[in-house]
Each structure stands twice: as C-alpha cells, then as structure tokens.
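Written out below as structure tokens is the structure these notes cover.
The values are calculated or read from the model by the stated rules, or taken from the named source; none is laboratory data. Just so it is clear, the structure is predicted and the values come from calculations on it, not from any experiment. Ideal geometry is used to build each Cβ from the backbone, glycine not excepted, and the neighbour counts take in all protein chains shown. Note: accessible area is taken over every heavy atom of the protein model, side chains too, but ligands, DNA and RNA are not part of it. Shrake-Rupley method; radii C 1.70, N 1.55, O 1.52, S 1.80 Å.
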Amino acid sequence: MEQHHDTYDVAICGAGPVGLALAALLARRGIEGRRIALIDARALGQSISDPRSIALAWGSRMLLEEVGAWPASGHFPATPIHSIHVSRRGHLGRSLMDRDEHGLDALGYVTRYGEVVDALARAVDRAGVEVIRPARVASLDESSDHVTLTLDDGRTLTAQVAVGAEGGVFGQQEDKAKTRDYGQSAVIARVSCSNPIPHRAFERFTDEGPLALLPQDGADGHQYALVWCVKPERASALQAMEEERFLLELNEAFGGRLGRFTKVSPRASYPLGLNAEAHASTRTVAIGNAAQTLHPVAGQGLNLGLRDAAVLARLLARCPGPEGIGRFLDERAQDRKLTIALTDAMARAFVGSGPLQTVLGLGLATLDAVKPARTLLAEVMMYGRRGGSSFLPHRQA
C-alpha cells in the first residue's frame, strides 16, 4: 500500500460534536483549515442519522453560534428550556430554576445529536479543515518536536499536537484514573403526554436513579426526551415491555405533573459510570468523553466537553505545542473537577431509600428558597466553574 505523509498543526482524533467544535474553533481563532486534520472512524452519514437527544447549556449555544453551527433549522431544531423542575419521588421538597432569574432567553436547549453534528460538519467544511474518514489511528508516536500518527489505511500524519476526542459510552472504555460503576443503565426514548408544560425540563430522583424529561418538539410529534436511570436488569425489562405497560411504569415513577404518558418511541439503553482522567503528555491531550465520561444527571457531559474544546482552541491558536497544552490543563482543572464532583454526588446521593432521602428532599426545598444558592447552581450548569468568562466569545445579560 502506498504510504502518504502530511503535516499539520493539530490532528484531532474523533469527529463527534466536541472534535468538530474544536476544529471549527481552531479555524475561527486563526489556524488555517488545511493545517487542521480531523480523523474519524465513522462515515458522516452515520453520525448525522444518530437520533439521540442531547441537552445543550446556554454557554454551549454561544459557542456553537460563534462558528455558525447552531441547529436553528432542520427537522429537529433546538427546543429552548425555560425552566427546570427538580424533585425527589416520595419526599417533600422541590426546586425550580427559571430563565427570568438570569435574564436569558433560555437556560438550555434540547436537540438531536445528529443535528449538532450536521451543523458543525458544515462549519468545518466552510473552514477548509481536512477531514479524514472513515479511518482509525493505528499508532501514535511522540517525539520532542512532533507527533506521528499512522492510520489503519497506511497513511502517516505528523502534527505539532494530537488531540483525543473519541469518546464512547462507559461500557466501551478502558478504566481511567478515576472510575466508578454506578450499577445503573439509562433507558432513553421519546415520549408524549396528555398535559405537557411547554419548555419545562424535569429532573426527578427515584430510588434507582434520576429520571429526566427534556422538552423536545419535532416532526414526529413526541414532546419529551426521556432519560430514565435504573438498575441494569430493570432497564432490560423496561426495554422489553409492551408500550402500554411501559407507559404505566413511567406514570408510576414520574407522577401526574404532565398528565398521562400516551406514547413512547423505540427504547434503547446504555451503562452508566464515571471514567475520568486529565490525560496529557508533552504533545497529546484528551478532551470531552475521551477525558471524562460522566453520569447524565444534570446533562453536563457534552457541555463540559465543549468548554474543553473552546479553551483548547484559544490556547493552541496562540501556541500550538507543549505550552498550550500545559496552560489548558491549568485553566480547565477547576471546571472539570467541580463538574465531575457535582454529577458524581448527585448520581449517588439521591439513590436508595431511608431518612437521608427525606433530608435531601428538604435540601431541594432549601435550595429553592435561597436564591443565591439556586443562582450559583444554575450558573455552573449554564457556563461552568468560572462563569463562562474564560471560554465564551461573549455573554449576554
């Protein structure tokens, strides 16, 4: 097989939303598109057809808008979240966060994974980034002044920096420095109900794990994206149930705030765990799910990864080498640490039954009553640890 050889400033391994966003932001920050290589094992059509629902924070919208990749059109444009209702099943206490407290159009948005990939892929194409797919990195060798990547088709690339942005779900990953199996699986689907509350998201904690409902309008008429975290054996049973039985089980777990659940799409599930490590060497660094895979509670995983991409793009545009990577690790440490700790604590603390759950339920009521605490939590969820100033292109008040 003929050997090829190309030279780049940055080689990005993985073209999911985080890898694509990094490529687009690097070009936006001044690195020529032809100096950026984006390598992905999947064909673009596979990623665009991915039907999974994702939650994007307000800060993530601002980042995507900067590179012209906000999914505002198409079959499934982003649905705004105006308020978030948090409660504990079977216990008193709840908290409600609302956009009006923050002077924003929305606290976050819900859209399809494929819509975001499509919008970002178009932005990357406009920037002239070299996209190599389908291809896998067979080996990576690092020297003092560059990184050499050999692809499975025999092609050889060199770059000043290589970025790992290939994620995957918890059950497909090797253990990192900080790992925890939550003993849960997430059942995902789209559901309709008889009495929807427009633009309101719900996070309801149950004995087995959190149950999230995210408002999502679309051509199929479904009104909410469901993420229901339960024990693995329970997840298998929920997937196998007839639609009517599943809807009854969902009504029992969630309660009557939205009337009755009337329709559900085909269901899927995946295992849940924490797997995190701030991996980096002199000329390689991991971002997004390649650096930290989180529990989906509070929907922070992708948003944390996009913040990684934004900071790394800014720093590599200034110094595409070891200095940029070192600064990246320093700047991202606090946000990564806090977001990992927050999601890990929420995933574990609200599981089970007993007096502690009563205390936690009352804690939600206290959070609702103390505006500064509620505002701080909302700020972390929307912007990250440092209020967004370190990575956002601009901030609207």
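Can you give the FRET efficiency to the nearest 0.05 for residue 279 and residue 253, using r as the Cβ-Cβ distance and R₀ = 51 Å? With a Förster radius of 51 Å, E is 0.85. In terms of its C-alpha gyration tensor, the stretch 99-254 has a prolate overall shape, because the principal axis ratio a/c (a ≥ b ≥ c, square roots of the eigenvalues) is not below 1.5 and a/b outweighs b/c. When peptides 331-342, 15-26, 46-57 are ranked by their average number of other Cβ atoms within 10 Å per residue, the highest-first order is 15-26, 46-57, 331-342.
Multiply the residue gap between residue 98 and residue 262 by 0.36 nm, knock off their C-alpha separation, and tell me the result in nm, one decimal place.
Working: separation 164, 0.36 × 164 = 59.04 nm, distance 2.70 nm.
My answer for the length gained is 56.3 nm.
Applying D = kT/(6 pi eta Rh) to the stretch 252-311, where Rh is the Kirkwood radius over alpha-carbon pairs, T corresponds to 4 °C and eta to 1.567 mPa s, the Stokes-Einstein value obtained is 89 µm²/s. Using a simple spin-label model with pseudo-atoms 7 Å out from Cα toward Cβ, residue 323 and residue 207 lie 5.9 nm apart. Carbon-plus-sulfur fraction of the accessible area of the stretch 87-150, 1.4 Å probe, in percent? Roughly 42 percent of what the probe reaches on the stretch 87-150 is carbon or sulfur. Surface analysis of the stretch 208-324 yields an accessible area of 35 Å² per residue, using protein heavy atoms and a 1.4 Å probe. In this Cβ point-charge picture (+1 for Lys and Arg, -1 for Asp and Glu), the stretch 29-81 has a dipole of about 100 debye about its Cα centre. Sorting the segments 274-280, 309-315, 34-40, 132-138 by their residues' average number of neighbouring beta-carbon atoms within 10 angstrom, most packed first, yields 309-315, 34-40, 274-280, 132-138.
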